[in-house]
Structure formats: C-alpha cells, structure tokens
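To start, the structure itself, in structure tokens.
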Amino acid sequence: MDKRTKIKAENVDFFYGKTHALKNINLKFYENQVTAIIGPSGCGKSTFIRLLNRMNELVPHTNLTGKILLDGADIFDASVDAVEVRKRVGMVFQKPNPFPKSIFDNISYGLTVNGVKDKNFIDDKVEESLKKAALWQEVKDRLHESALKLSGGQQQRLCIARTLAVESETILFDEPCASLDPISTAKIEELILELKKDYTIVIVTHNMQQAARVSDYTAFFLMGELIEFGKTQEIFTAPKDDKTEAYITGRFG
Amino acid sequence: MKNHITQKLGFLGLFLCISITLLFLGAIIFFITARGIKVISWEFLTQVPRSGMTAGGIAPAIVGTFYITLGAILFALPLGLACAIYLCEYSPKGIVVNIIRISINNLAGVPSVVFGLFGLAVFVKYFKFGVSILSGSLTLGILVLPLIISSTQEALLAVPQSIREASLSLGATKWKTIKNIVLPTALPGILTGVILSIGRVAGETAPILFTAAAFYTRGFPKSAFSEVMALPYHIYALMTEGAHPDKQRAIAYGCSLVLLLMVLCISGIAIFIRQRQKGLHG
Amino acid sequence: MKRARIKEKIYQGIFTVLAFASLVFLVGIVIVLFKEGLPIFKRVSISQFLFGQNWYPTYSTPEFGILPLILASVWVTLGAVIVCVPLGVGSALYLHELAGHKQRTILKPLVELLASIPSVVYGFFGMVILTPFLQNLFHLPTGLTALNASLILGIMATPTVCSLADDALSYVPKSFREASFAVGANRWQTLTQVVIPAAGSGISTAIILGMSRAIGETMTVLMVSGGAAVIPHSYLEPVRPMTAAIAAEMGEAPMGGDHYHALFAIALVLFLTTFVFNIVAEFISRRFRIKLGLSG
C-alpha cells in the first residue's frame, strides 16, 4: 500500500445543533482511486462528504471538531479560504443542478468567476471538458441552447463537465445517479472509471452494486460512525464486521 | 334534507359575497370610464391646464407623477434589493433578522399620511429640500420599501438552493454566486415586485400632500427641487379646491380614468406575470 | 487572493448596513412623531388632549380635544369592518372552497386588481357616485357621511382581508377536511365546523390587518366623510376621522405652532394604534402557524 493519501479525516466529530451526526471519523482517500461511501439513509454519509469541500458551512448551527487534511493541510484552518478549497475539490450533486443558462455558459462559469478572460482558452476548455464527460458529441451543435432542455442523464454529465472545467484535483459525487435511469447510470459509472486516471474520486451511494462496480475502496457508515473501511473486494467478499455483513447482504437498510 | 338546504343557502351566501366585491370593481371601472372617456383626447393628455383649471390638459400632472414615481423607485430599489439579499443570502437566522423582519412588517403597516408627516418634518423642513419632487420621491420610496423587500425576498426564496450549491462548489465566492446565479434567476420575480410597486407609488396621494404636490404649476417641473402637479393629487384638488367645481369635475373624471387605467394596466401586468410563474412552477 | 476575500467582506458589510434601512426609517418615524408631537402637551394635558370634546385648533383661544376625531375613526372603522369582514372572508371561502381551478385563476387576480386601485380613485368614486345616491336614499342634507366613508373603506379593505384569509385557509391541512367527510359531514358542515375553526386565528389576523388598513386610510375618508369635527351621533352625519384631520389641516397649520404639534400628536396616536394592531396580528399569526404545525 504505497498509494499517496490525498484527503485524510482525523478525529472528525460533527454536530447539527445538539444532534451528534458524525462520531470520531478517521478515514483516508488515496490519490487516483475511487472510494465509495455506503450506508443506510441517515447514516451521515452525505453529511461527511459535504465536509470535504466545506459545503457544510452553508447550514447554520453546526459544529465541527477534528481535522480534514487536503494534501496534508487542514482545510478548516482559519487562514484557508473555503473558495480555494472548493476550487480544488469539486462536487457533483444528487439531483442534476444545471444553471438556467446555456450549455456553454454552464461549463465556462467556473472559469469566468475565477477570473479567466481569455476567450480561446475558455472555448478550448469547454470543448475539452465536454469531451471528457462524454457529452461533446450530443451537444456540440447546440452549445448556446438552455441547459435545462437536456435530459436528466445529460444534465448530470453536464454538471460533471462543469466540475472538470475548473481543474479540480478531487471530485465528490453525492449519489450522482439517484435520480437517473439505468442507461444514464451506466454512462456515468463508465465516466467515473475513466476520470480516476486524473482525479481522486469519492462517491456516496446507497446502491451497493454501484459501489462494487466503480470503487477501489469502500467505507461503511452506520449511525454516524465509520464501521469498516477497506478494499472494495474485501469489504464485499469478506467483511470483518457483522454489521457490514448484515448491510451488504441486505438484512437492513 | 335540512342539511342540504343549509348547504345550498350557505354556498349562495358565499357566492353573493364575491359577486358584490367584484360588482364594485365593475362599478368603479364602469362609471369612471363612461364619464371620463368623453373628456380624454390627445389634447387633454398633452396640453397644460388653461382658464383656471377648467380647460386644457393634464400633461404636467402626468409628467409629475412619472418623475415622482421614478425617483421613489430609484431610491427604494437598491435599498430593498440589498435588504432582501441580506435576509435571504447572508444572515444567519437570529435576533438581528427578527428585528429587521419586524421593522419591515411594521413599516408596511404605517398609515400613508404618517409617511407624509415624516417627509414634511425630515425632507422638507430638516434637510431643506422644500416641497419638491425630491422630498416626495424620498417619502414614497420609504413607503414602498417594505413591498419591494417582500417581493424580492419571495423571488430569492424561489431560487433552488441546489444551484447556489453548484456555484459555490465550483469555487465561486458568495457574492459572485449571488450576482451571476441567484439574481439572474430571480429577476422575473423581482421585476414583478418592482412593477407592483410602481403601481402603488403612482396612485399614492397622502404622502405627497405636504411634500411634493401643487395644484397648479406654470408648465413642467424644472428640477428635482421644483413643486410638481401629480395625477392623484390633482383629482383630489379638482374636487375640493378651485373656483369652478362643475367644470373641474369633468376634468377630474378624465384624470381618474387616466390614473385608473395606468394603475390597472401596471398592476394587471404584474399580477398576470406572477400568475403565470406560479402556473409554471406547479 | 487576499483581495478577493476583502471584497467579499465589503459586499457583506454593505448589505448588512443597508438591511437596517427599514429599522432606521421606522425609528426615524417614531422620533419625528415624538419630537414634533410632544410639545403640544405643554399646552394641554394628555387627558385633555385625548378626551377633550372640542377640536377648535384655529380659534383665538384654541382647544385641542381629539375625542371627536378618535370616535370618528372608530365609527368609520367599525362600519368598514361590518362591510369588509363578510365580503372579504366570504369571498375567500368562495375562492377556496367553491371556485374550481379555472374560476380561481380568473377571480383571484380580479380581487387583487381591486386592491391596486388608488385610494384617491375610491374617494372620487365615493364623492361622485355614492354621495348623491345616499343623499337621495336617506333624504340627507349631505351625502358625505360616516356611512359613506364606512362603505368605501369597507370595499377598499375587502381585498386585503380576502387574500390574507385565503392564505389562512390554504394552511389548513387536507387531512382535517378528509376526516370530516369520512364521518359523513357535508361540505357546508365541514366548512363551518372544521375548516373555519382551524383557520380561525389566521382569519382573525386577516381581519385585524384589514382594520389596521382602514384606520390608517387617508384620502378616501378625507374626501367622503364630510369633515365635521363633532362627536358622531349617527352614521348619517358628517364626521372627521384622525387621518382626515391631519391631511386637511396640515397645509394651513403654521410650522412649529400649537396646531402643527397637535397634528403630529394625532399622527402619533394613529401610529401607536396601527403599531399595536400589527403586533397583535403578528402574535396571533405566529401562534396560528405553530398550532397547525407550520414553522413559526
């Protein structure tokens, strides 16, 4: 195991008001690997992934202790700007959430808000991102139509392309296929496998087959605790914890 | 059987209530249109009053209302937008927000004539703006501020949280998210609120009684510090002042029709847009 | 990158400061009313002012008793309530319970349109149409009476009451209604015994805010109430409510004189009254939302 650690959670506790949502989480995400986080709904997996790019800060009355290290530096350190963290750690959400703008503007948005003005560069980047997200062929002739006209699966790939354009190093997927049909889901999974060459990927899913298909490592969460973490193959074939076994064999959740 | 009859009578009662309400709307529009239409002509809309307010047109009053309304919106819109943005996008829920919310609600309930007195004491007297477009606009701007805030808030709340998150996750700052994503998405709703506010301001009379309005001015206003004629005030003045009540009454009908049409059209557009937006979002 | 963060802070600062505008204006109004209104109490005591029966502000020995004005406001407002409560609540019930989707999409905007007509137009309508009508009907020396003002104000407040009551009705959970149908109640029984009680405090909020609007309304009462500053004895006589007194007399009151201060003191009474109404309405509506399990 000489893989480089990209993100590391150290003794993370998280509270919503008085609810103890995450309890002493210690977890590593390796570079250029796909890590799946599984668990029944309400287990804290979505809460956890949103800490990794500081999206939790949008919700008031929460409290965090412990550290989350990105390339060894704590992203919650007072000197670190959340905006900088989010540029490096992108996120794809449960429901496709394109902006009510054109396809082109959706992709270029991340560049323009970060001060890129060079038109040619933006054009190239949009094309490159759409190609990487396997959407270019379908939309290249209608880049200036509204993104809202795309199908759900296309919209989700657009959201992935949008994240790729800002050149983040890590992409967080929060149940990216929850609202998609099986064919669109297959396309997204294929894409994730392709993307891991260049990116560190974390995917939250309640679909165990999906976790088995796309991930290298799997973490199992239950009631705010990390129950087990290991190579996906091992987790699914020889779980060490009874609760993990009960969950993946479908006895609850 | 008895239950059935009670139900019939009850429903009939409710039907009568809404019929009477709408009958009044119909009656107001009918009487004012029927008698006002005879007075309205191109000359009436574009000429200045003549012969001691008994002949000529009402152009200065229309222009005056336009200036006052424009001024009020220019003053209230930035404040209202900023306040709504603060409440919806920045503020953590808490005591500060409650205080602001309660003051908005109460400001909305202040009688219009009280705004007039406030304008008189502060803008006319204290700041020495005199009875002028400026004083009237500022007074009306304060009056309409709560309306702009609440309609903007409604529009901002209708913007899905998910696209705010998408923007932030791409490394956009909060302000850039608001400027590039939230405001453009909320724009139709905000505009509806602004249009409604224009309708409200254009018809208000009591706040400009002592701050801006004059029954008669020579020609058109020259600067922001001029007194002006204004359509709603003109109606009131024609009915209660002046030397020729009978001749003035005909002109008052014309003025009322112009004001009524203006306000109904403006509000009608806003109500229509709002209804369509509601329809679109289910 | 530091610069971007500072810029963000500046924007947040601007919005935070501007957000307090409403509070500043509200406090400003209170300060102005007290500052300009209180000096009158050097001339007359508070009880003389509030309960004095003679309002002769321009006599050589002026009297500043505003009881006639207060009573006129109360009379006219109560009259308006008698008009706007049945019409407003009835219309809301009709819109909510009987009108189909299609009817509703036409009727609701029409009611809203009624709310957008300027008060001066209502006043004008009252003067030229309702006044001669009432005069002939009751054989009066003048049609400009408390009754006239009540009718017009009532109609003006109807859309306010209607849309707020409609909101209150829409908060009543469907399950209440279904439960009532399930035990065999018909629609009318369900409406009167389940829906209206459930929406009760929401509807009372609507009525209070409607009243608040009627008390503070100026132009219509100025134009149609007749303007006599005497203690009202009948709805068929002219009266002078507080708002009308302020609007009619401020133009002639010498700035800084007793009359001027007295008018500001009336405005203060008016402001405090509507303030109390609004606070009560807010309080009731908050409790209403909690009762129905909605977030406060």
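The values are calculated or read from the model by the stated rules, or taken from the named source; none is laboratory data. Predicted model only: the values in this text are computed from it and were never measured. Positions of Cβ are backbone-derived with ideal geometry, glycine not excepted, and every protein chain shown enters the neighbour counts.
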Exercise for the section: Residues being polar (S, T, N, Q), surrounded by 15 or more Cβ atoms within 10 Å (Cβ to Cβ) and either touching a Leu at 6+ places or on another chain (Cβ under 9 Å) or away from chain B (no Cβ under 12 Å) (or both): count how many of those fall in the range C:167-211. Expected result: 4
Problem - Any hit, the range C:144-151, residues being facing another protein chain (nearest Cβ under 7 Å) and closer than 13 Å to C:E217 by Cβ - result: no
Exercise for the section: Could you tell me which numbered condition A:P98 fails, if it satisfies all but one of (1) out of contact with any Cys (no Cβ under 9 Å at 6 or more places or on another chain); (2) of a type outside the set (F, W, Y); (3) touching a residue at least 40 places away in the same chain (Cβ under 8 Å)? Expected result: (1)
Fill in the blank from the handout: Scanning the range C:239-260 for residues that are more than 10 Å from chain B (Cβ to nearest Cβ), in contact with a Pro (Cβ under 9 Å, 6 or more places away or on another chain) and crowded, with 22+ Cβ neighbours inside 10 Å gives C:V239, C:R240
Handout entry: Residue ranges of strands (runs of 3 or more DSSP E) in the range A:186-253 with at least 2 members in contact with a strand residue (DSSP E or B) (Cβ under 8 Å, 6 or more places away or on another chain) and aliphatic (A, V, I, L, M)
Key = A:200-204, A:225-231
Exercise for the section: Considering (1) within 8 Å of another protein chain (Cβ to nearest Cβ); (2) at pLDDT 90 or above, say which one C:A4 fails and leave the rest. Expected result: (2)
Fill in the blank from the handout: Considering only helices (runs of 4 or more DSSP H) wholly within the range C:50-128, the ones with at least 1 residues that are of a type in the set (D, E) and either surrounded by fewer than 24 Cβ atoms within 10 Å (Cβ to Cβ) or within 14 Å of another protein chain (Cβ to nearest Cβ) (or both) are C:101-116
Exercise for the section: Determine, yes or no, whether B:A61 is within 14 Å of chain C (Cβ to nearest Cβ) and either of a type outside the set (K, R) or surrounded by fewer than 14 Cβ atoms within 10 Å (Cβ to Cβ) (or both). Expected result: yes
Practice task
Consider C:L23 carefully, then state whether it is assigned to a helix (DSSP H, G or I), under 19 Å from C:T274 (Cβ atoms) and in contact (Cβ under 8 Å) with a residue 24 or more places away in the chain.
Solution key: no
Exercise for the section: Report yes if C:V44 is closer than 30 Å to C:A206 by Cβ, more than 8 Å from every other protein chain (Cβ to nearest Cβ) and not in a strand (DSSP E or B), otherwise no. Expected result: no
Exercise for the section: With respect to B:A72, determine if the residue is of a type outside the set (S, T, Y), more than 10 Å from every other protein chain (Cβ to nearest Cβ) and over 17 Å from B:C255 (Cα atoms). Expected result: yes
Completion exercise
B:A76 passes all but one of the listed conditions (1) under 16 Å from C:G28 (Cβ atoms); (2) modelled with pLDDT under 95; the exception is number (2)
Completion exercise
Looking across the range A:42-76 at residues that are over 17 Å from the mean Cα position of the chain (by Cα) and small (G, A, S), the single one that is farthest from A:Y16 (Cα to Cα) is A:G72
Problem - Candidates B:I198, B:I208, B:I181 - the one that is touching a residue at least 40 places away in the same chain (Cβ under 8 Å) and surrounded by fewer than 24 Cβ atoms within 10 Å (Cβ to Cβ) - result: B:I198
Practice task
Kindly indicate the residue of the range B:240-255 that is at the interface with chain C (Cβ under 9 Å from one of its Cβ atoms) and in contact (Cβ under 8 Å) with a residue 60 or more places away in the chain and also surrounded by the fewest Cβ atoms within 10 Å (Cβ to Cβ) among those meeting that condition.
Solution key: B:Y253
Completion exercise
Selection over the range B:76-99 where residues are farther than 17 Å from B:L157 by Cα, buried (at least 18 other Cβ atoms within 10 Å of the Cβ) and within 7 Å of chain C (Cβ to nearest Cβ) yields a count of 1
